[in-house]
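The values are calculated or read from the model by the stated rules, or taken from the named source; none is laboratory data. All figures in this text were calculated on a predicted structure; none of them were measured in a lab. Positions of Cβ are generated from backbone atoms using ideal geometry, with glycine treated the same way; all protein chains shown enter the neighbour counts. Surface accessibility is based on the protein's heavy atoms, side chains included, excluding ligands, DNA and RNA. Shrake-Rupley method; radii C 1.70, N 1.55, O 1.52, S 1.80 Å.
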Amino acid sequence: MPDYSLGESMSSWLCRNAFVATEELDLDKTMSLRRVLQERALVGDVDFGYSAVELGEISRLTGADPSKIIQDQGLHEDWGLQDNLARISFCPACAREAVKNFCFPIWRKRWSYCWVAACERHRQALVTLRGQYRPINLLNRASCTFRFLVDGGGAAHISTKAKPSVQLGFIDAQVCLALKAQEHIEDLYFSSADPSNHMRLLAIRDFCDLLLRPFRKGRDEPTFIYEMARHTFGKIPGDWANHRGWDDFPGIELASQLTCAHTRLSAMAVAAYIFRLNGALDKWQELSGLGRELGVLIPTNRAWLYAAASGEPNSPPREWHVRRVRSYSVDIGRELIEMINEASALGYASGIVAAGKTMFLPSGGRKGR
């Protein structure tokens, strides 16, 4: 049976074992492995939280110890995509390498974390299987990925109205910023030296939830992050655009569970600048300059950016975030409160900043909507 690849998810490893069993015409083992995965998909998590009985059955079928594959349970509970079918974003370059080396597109555990939207190794955005490539279950995720790669999927979106070098630079700048945020989150999570790290992680998570809040198509203006991702990567999945939203925002804490990796990447890029991560200022200035060439206004003032990205003053999402920030310790919350107060002073009616339409009004390019 195939060896475990470092960083591989349990669902990927089980699917690979079932694939090999099928090639060896061992149909009993194939059906047993598929049944294990199907049962986990119905009652729990396909990558974490397996019982000792389930691990024993998997060990009997594969002849290997699967316990090392389901490590990092705590990290997944805090930052993992809880919906099994939301774990359909991946790095095409990694997948191509896996197909070359293992004849199978290996799925990495990291890709199931909501804060991972770019590949550190290849420095490119993850892509999400959608449309004709979207799997109906995790058992056919590999075959959908095969078709995606064979059809040449994963190429960067290039607007017909933009210079390719500018559009690619705009994408690369966001990837670089998102990678800074990913590295920072990982450093905070695995460093136990400072007890305030948990609160710092919470501040980033809350801010990303605010940015990724849903909107009701036809009733609300598209959010800043939605428009930023759309102008960067082209069409964004319709299941996000048609989200009904929450009038009272009782579930805004789940907004980072968004399936689309491109939208999450834009949110992580904004978070890197708002939280003043090392090197983010220069890269954000570069992003803003490239945006002007594309006819997209990207604010370089943090308060203006917050006002544009967070929604109207006194709106449910903004009020929710203010309450969250006030619950932080003084050293973490003070700077955020100052920025929020400055953003509120700008005011929506001033016309200086506005979500969606004002920020993304292409000049001489394609329509913003």
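Couple of notes before you dig in:
- Per the listing Arg87, Arg108, the residue uniquely closer than 26 Å to Val150 by Cβ, open to solvent by less than 10 Å² (accessible area, probe 1.4 Å), basic (Lys, Arg) and modelled with pLDDT of 85 or more is Arg87.
- Among (1) more than 14 Å from Thr62 (Cα to Cα); (2) free of Cβ contacts under 8 Å to residues at least 12 places away in the same chain - the single one Thr22 does not satisfy: (1)
- Residues in region 140-158 include at least one that is over 21 Å from Ala280 (Cβ atoms), open to solvent by 20 Å² or more (accessible area, probe 1.4 Å), of a type in the set (Lys, Arg) and modelled with pLDDT of 85 or more.
- Residues (in contact (Cβ under 8 Å) with a residue 40 or more places away in the chain and either of a type in the set (Asp, Glu) or open to solvent by 10 Å² or more (accessible area, probe 1.4 Å) (or both)) located in region 115-126: Glu120, Arg123, Gln124, Ala125
- Taken together, the residues in region 280-301 that are within 22 Å of the chain's Cα centre (by Cα) and either crowded, with 16+ Cβ neighbours inside 10 Å or polar (S, T, N, Q) (or both) amount to 7.
- Scan region 8-56 for residues that are acidic (Asp, Glu) and over 20 Å from Trp111 (Cα atoms) and the total you get is 6.
- Whichever residue in region 179-193 is touching a residue at least 40 places away in the same chain (Cβ under 8 Å) and more than 10 Å from Arg123 (Cα to Cα) and, among such residues, is most open to solvent (accessible area, probe 1.4 Å): Glu183
- Checklist (1) crowded, with 24+ Cβ neighbours inside 10 Å; (2) part of a loop (DSSP other than H, G, I, E, B) applied to Leu277, failing item: (1)
- Evaluated against (1) surrounded by 23 or more Cβ atoms within 10 Å (Cβ to Cβ); (2) free of Cβ contacts under 8 Å to residues at least 24 places away in the same chain, Glu97 falls short on exactly one condition, (1).
- Residues located in region 297-323, provided they are hydroxyl-bearing (Ser, Thr, Tyr), part of a loop (DSSP other than H, G, I, E, B) and within 23 Å of Arg276 (Cβ to Cβ): Thr300
- Region 112-125: number of residues that are under 26 Å from Gln38 (Cα atoms) and of a type outside the set (Gly, Ala, Ser): 3
- Meets criteria (surrounded by fewer than 19 Cβ atoms within 10 Å (Cβ to Cβ), touching a residue at least 40 places away in the same chain (Cβ under 8 Å) and in a helix (DSSP H, G or I)) for Arg34: yes
- Residue list for region 37-73, filter: farther than 16 Å from Arg87 by Cβ, in contact (Cβ under 8 Å) with a residue 12 or more places away in the chain and of a type in the set (A, V, I, L, M): Leu55, Ile58, Leu61, Ala64
- Breaking point among (1) at pLDDT 90 or above; (2) buried (at least 18 other Cβ atoms within 10 Å of the Cβ), for Ser327: (2)
- Scan of region 110-146 for residues that are of a type in the set (A, V, I, L, M) and not in a strand (DSSP E or B), ordered by number: Val116, Ala117, Leu126, Leu129, Ile136, Leu138, Leu139, Ala142
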